[in-house]
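The values are calculated or read from the model by the stated rules, or taken from the named source; none is laboratory data. Being a predicted model, the structure only gives us computed values, none of them experimental. Ideal geometry is used to build each Cβ from the backbone, glycine not excepted, and the neighbour counts take in all protein chains shown. Note: accessible area is taken over every heavy atom of the protein model, side chains too, but ligands, DNA and RNA are not part of it. Shrake-Rupley method; radii C 1.70, N 1.55, O 1.52, S 1.80 Å.
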Amino acid sequence: MSAAKTGSAGLVMQSLPAVTLVLGGARSGKSRYAEGLIETAAMHGTYCATAEPGDAEIAARIAAHRARRQEVGGGDFWHTVEAPLDLTTVVVREIAPDRPMLVDCLTLWLSNLLLADRCVENETRSLCTALFDANGPLVLVANEVGLGLVPETPLGRRFRDAAGRLNQEIAALADRVVFVIAGLPLVLKEPR
């Protein structure tokens, strides 16, 4: 009988499907949950960050995420790459079978695309192709923004609608989809 492999958290390693989408609201625990999926599945992971520190609050959130990642594996577990706009390029370049990738988060990436006046439909299509062709497991985090009030501004409504379409497209190709609320995961779709 062979010994079970353990991940960086000292837990028995779990296998990951090719693409996992983790959805949730703000402060729902979705990032922590997604990190845990990779930490229990591999000896190392790639963390693809899409946030840009546009103000003090976002800079503090980024710092908190970085600090949490430094606690894992003595700080050697995560290899971090930043992709505020060119996410597809980073996915293609950085994905590896033995180093799952976490993309945190698609919603900030979408916001960056809209503010940079990039074509969201083309970028989404390119990302979906890269996810389909990826040679290693990916876990993608996104906010579920369609559960609240209708935004007052045209840009807010455009963002909400684009986020809903992006989440639907990624969920359709994902092997597993999980909705996290109050830190609790609800599996919406499992691999067949």
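Condition check ((1) open to solvent by 70 Å² or more (accessible area, probe 1.4 Å); (2) within 23 Å of residue 35 (Cβ to Cβ); (3) part of a helix (DSSP H, G or I); (4) not acidic (Asp, Glu)) across all residues:
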position	(1), (2), (3), (4)
107	no, yes, yes, yes
125	yes, no, yes, yes
130	no, yes, yes, yes
185	no, yes, no, yes
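Specify the residue that is least open to solvent (accessible area, probe 1.4 Å); the eligible residues are those in the range 54-102 that are assigned to a loop (DSSP other than H, G, I, E, B), within 22 Å of residue 115 (Cβ to Cβ) and not hydrophobic (A, V, I, L, M, F, W, C). Per the stated criteria, the residue is 84. Beta carbons closer than 7 Å, at least 6 apart along the sequence or on distinct chains, pair a first residue in the range 63-83 that is farther than 16 Å from residue 32 by Cα with a second that is in a loop (DSSP other than H, G, I, E, B) for 79/44; 83/50.
Could you tell me whether the range 155-165 includes any residue that is exposed (fewer than 12 other Cβ atoms within 10 Å of the Cβ) and out of contact with any helix residue (DSSP H, G or I) (no Cβ under 8 Å at 6 or more places or on another chain)? Checked the range 155-165: no residue is exposed (fewer than 12 other Cβ atoms within 10 Å of the Cβ) and out of contact with any helix residue (DSSP H, G or I) (no Cβ under 8 Å at 6 or more places or on another chain). When the residues of the range 29-53 are filtered to those that are open to solvent by less than 60 Å² (accessible area, probe 1.4 Å), in contact with a helix residue (DSSP H, G or I) (Cβ under 8 Å, 6 or more places away or on another chain) and not in a helix (DSSP H, G or I), the one that is farthest from residue 19 (Cα to Cα) is 51. When residue 180 is tested against (1) of a type outside the set (S, T, N, Q); (2) under 15 Å from the mean Cα position of the chain (by Cα); (3) more than 20 Å from residue 91 (Cβ to Cβ); (4) open to solvent by 20 Å² or more (accessible area, probe 1.4 Å), just one condition goes unmet, and that condition is (4). Among the numbered conditions (1) free of Cβ contacts under 8 Å to residues at least 12 places away in the same chain; (2) under 23 Å from residue 178 (Cα atoms), the only one that residue 127 does not meet is (1). Taking the residues in the range 145-170 that are among the hydrophobic types (A, V, I, L, M, F, W, C) and assigned to a helix (DSSP H, G or I) as candidates, determine which candidate is farthest from residue 181 (Cα to Cα). So, considering only residues that are among the hydrophobic types (A, V, I, L, M, F, W, C) and assigned to a helix (DSSP H, G or I), the one farthest from residue 181 (Cα to Cα) is 155.
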